[in-house]
Amino acid sequence: MARSQLSLPVPGFEEVDRASLIGIALSALSKAYAPYSHFSVAAAALFSSGTLYTGVNVENASYPAGICAERNAIFHAVAEGEKRLRAIAIVAGKNGIPGEHCTPCGICRQVMREFGKPNEILVILAQSPTQYTELTLEDLLPRSFGPEDLLAEE
Ligand code: THU
């Protein structure tokens, strides 16, 4: 049988339904607003309550005012009271056609870091519900700086 998944499942995330997460991200992809780069991105983020939140990239005529899909999904969740990110699926492609895996930018990695321990966040880079690579945020952002680093030592 052909293996369509591109990486081994990361242990500890057995309960995460990868195919649904990817399916929801794929269905949001047509909503991306990317008239300048023509590179559409969508993310579906699963938080500890079990709720999924979507986000797409939203560009702007004043280029730096645009925002990535991952941050939009996470900020959407936080606005609903969520604090702990469990998993995030990301899909992307030129002109909205899902293509090669899109790896999150550095700013989005740092925003993910705010809402969980790096080895407790699953990141799924997907093309289709059966074609994806998965890894942890620890793989993408090793030796990170996070909220714990600001806690005063007594
Ligand atoms: N983009 C994302 O939405 N997420 C990423 O992880 C990488 C880049 C968006 C930003 C911009 O709208 C377009 O892709 C091209 O950089």
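Descriptive notes on the structure:
- Convex hull volume per residue for the range 7-77, taking Cα atoms only, in Å³: 105 Å³
- Projected label distance in nm at Ser27 and Ser49, using a 7 Å step from Cα toward the beta-carbon: 1.9 nm
- Listed by chain and number, the lysines whose C-alpha is less than 26 Å from the C-alpha of Lys83, apart from same-chain residues fewer than 8 away, are Lys31, Lys117.
- Full-extension gain in nm, Ala79 to Ala19, via 0.36 nm per residue minus C-alpha separation: 19.1 nm
- Residue of Ile124, Ile97, Ile88 that the Gaussian network model of the chain assigns the largest fluctuation, springs spanning Cα pairs under 10 Å: Ile97
- Highest-fluctuation residue, Leu135, Leu29, Leu125 considered, GNM on the chain with Cα pairs under 10 Å: Leu135
- FRET efficiency, Ile97 to Lys117 (Cβ-Cβ, R0 25 Å, nearest 0.05): 0.10
- A crude spin-label estimate for the pair Leu6 and Asn60, with each label 7 Å from Cα along the Cβ direction, gives 3.1 nm.
- Estimated from helices alone, the mean residue ellipticity of the chain at 222 nm is -6500 deg cm²/dmol (sum of -39500 (n - 2.57) over DSSP H runs with n ≥ 4, per residue).
- Coil-residue GluC sites (Glu not before Pro) of the range 49-126, DSSP, other Cβ within 10 Å capped at 11: Glu80, Glu100
- In sequence order, calculated HN-Hα J values of the range 88-102 (Karplus, 6.51, -1.76, 1.60; Hz; x Gly/Pro): 9, 9, 10, 10, 7, x, 4, 6, x, 9, x, x, 4, 4, 9
- Calculated on C-alpha atoms, the gyration radius of the chain divided by its Kirkwood radius gives an Rg/Rh of 0.98.
Where a number appears in this text, it was derived from the coordinates with a stated rule and is not lab data. Everything numeric here is computed off the predicted structure, so don't read it as measured data. All Cβ positions, even for glycine, are placed from backbone atoms using ideal geometry, and neighbour counts span all protein chains on display.
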